[in-house]
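Beneath this line is the structure, given in structure tokens, with notes to follow.
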Amino acid sequence: MSVLTAARSELFSRPQDEHFPDFRSLTVDASQQKLRCVEVDAKDTSIEFDDDGQHVRFGDQLLRLTHFCLGQLAALCRVPMPVLKRLEGATRAQVLNQTFPRTKRYKVGLVDGDRLRCVTSDRYERVWDADILQEVDRWLLPSGFIPAMPTINTDVYGTNALGTTKPALFRGDRDMFAFFYGDQQPGDDGFGGLRKGVMVFNSEVGAKSFGFSTFWFREMCANFLIWNPTDIKAQRARHMGSVRELVRAFRKELMGLGATITDAELDVFQRAKETRFVSAGPDEDVRAAQRVQRGFRLSAADAREAVELVRDPLNPGDFTVWGVVNGLTSAAKGPIHAADRAARSELAGRVMELVR
């Protein structure tokens, strides 16, 4: 593959999230990028796309577009990315230059070396990954939480079923997702070994903004269930004025969060085990798939996959609320990006709300 073809492919496909081996390497990566990045102002009348279709002149600088930034600018131009992908570089640049809105206002670019990571308005308030991880290091880790392993350990070295010893710490050009759970091995609790956890996500470029949620980890099958049965709610905010308030709320939640599972929390899981998702019968799998599809807005194919996984040997095997939840969380292991996995796990949390 030529360099030009490789660059073109990278520009039109989202890079895979980097998977970090430990918390320190994640924080170092985030901190170093924060130090490298600078914000550059440019009037939109001075923004011009280069003839190769992969660079943009932003003020006085010629910068290489990232996949996310190209998507941002294409949206401003109202040109679909699949259309741009089919065009040669010079034609692509011509289309973008002709359709880019020029209102004589300033845009703020986030620059990392020679790359333009994103373009925002002057109202944008960036929350850095490094600052979020600093709060985790200060408040969450000392409270008995550690980075969560996403699948079952298969040997004494901690190698999991996917052949990696890396915990669920993900960071890419678009966003960061980090999962932490209690450091104590769960006993025989009747639910496959539950641990309480906290998921933190942030996007320095504005893709998903900042937020956090509790989750539950089932040791037997290594499923993540993003949901909380008590009073801590999933929270998120765009990187505008309200995001600072949410960061303060995040700090407060971390200060008071404990890793121990309470009896009240276990009672909710017990109700999920005892409550049928659909009535028993020879076609219960069909009816379960239909309810998941219609009631929770999942595609027919994804609903069928989740229902089939209910009967995975590591899952409960019956069409109770708890069984369907584990089918959904098992299916959530498939997507390659942490953001997509989290969205699938949050869907399982909505099913758990049936018994709350």
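Quick check on this structure: which one of 57, 123, 117, 102 is in contact (Cβ under 8 Å) with a residue 40 or more places away in the chain, surrounded by fewer than 17 Cβ atoms within 10 Å (Cβ to Cβ) and within 30 Å of residue 34 (Cβ to Cβ)?
The conditions single out 123.
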For the stretch 7-37, which residues satisfy the criterion of being loosely packed, with under 13 Cβ neighbours inside 10 Å and touching an Asp or Glu at 6+ places or on another chain (Cβ under 8 Å)? 36
For the stretch 225-283, how many residues meet the condition of being closer than 28 Å to residue 143 by Cα, basic (Lys, Arg) and at pLDDT 75 or above? 3
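Okay, residues lined up against (1) out of contact with any strand residue (DSSP E or B) (no Cβ under 9 Å at 6 or more places or on another chain); (2) surrounded by fewer than 16 Cβ atoms within 10 Å (Cβ to Cβ); (3) assigned by TED's automatic domain parsing to the domain that holds residue 315:
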residue: 250; (1), (2), (3): no, no, yes
residue: 260; (1), (2), (3): no, yes, yes
residue: 279; (1), (2), (3): yes, yes, yes
residue: 286; (1), (2), (3): yes, yes, yes
Options 52, 29: the member that is part of a loop (DSSP other than H, G, I, E, B), in contact (Cβ under 8 Å) with a residue 40 or more places away in the chain and of a type in the set (Asp, Glu): 52
Just a yes or no: is a residue in the stretch 323-339 over 19 Å from the mean Cα position of the chain (by Cα), farther than 14 Å from residue 224 by Cβ and in a loop (DSSP other than H, G, I, E, B)? no
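Return the total of residues in the stretch 290-314 being basic (Lys, Arg), part of a helix (DSSP H, G or I) and exposed (fewer than 14 other Cβ atoms within 10 Å of the Cβ).
Quick first cut of the stretch 290-314, residues basic (Lys, Arg) only: 291, 294, 297, 304, 311.
Imposing the further condition that a residue be part of a helix (DSSP H, G or I) reduces the set to 291, 294, 304.
Adding the requirement that they be exposed (fewer than 14 other Cβ atoms within 10 Å of the Cβ) leaves 294.
Qualifying residue count for the region: 1.
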Could you identify the single residue in 93, 75 that is of a type in the set (A, V, I, L, M), without any contact (Cβ under 8 Å) to a residue 40 or more places away in the chain and farther than 30 Å from residue 168 by Cα? 75
Given the condition of a type in the set (S, T, N, Q) and either over 27 Å from residue 342 (Cβ atoms) or in contact with a strand residue (DSSP E or B) (Cβ under 8 Å, 6 or more places away or on another chain) (or both), answer yes or no: does some residue in the stretch 72-90 qualify? yes
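In the stretch 258-286, which residues are among the acidic types (Asp, Glu) and either assigned to a helix (DSSP H, G or I) or closer than 15 Å to residue 353 by Cβ (or both)? First the steps, then the outcome.
The initial filter retains those residues of the stretch 258-286 that are among the acidic types (Asp, Glu), namely 263, 265, 267, 274, 283-285.
Matches in the stretch 258-286: 263, 265, 267, 274, 284, 285.
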Within the stretch 65-75, can one find any residue that is modelled with pLDDT of 95 or more, crowded, with 19+ Cβ neighbours inside 10 Å and assigned to a strand (DSSP E or B)? yes
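The values are calculated or read from the model by the stated rules, or taken from the named source; none is laboratory data. The model shown is predicted, which means the values in this text are computed figures rather than measured ones. FYI the Cβ positions are ideal-geometry reconstructions off the backbone, even for glycines, and counts take in every protein chain you see.
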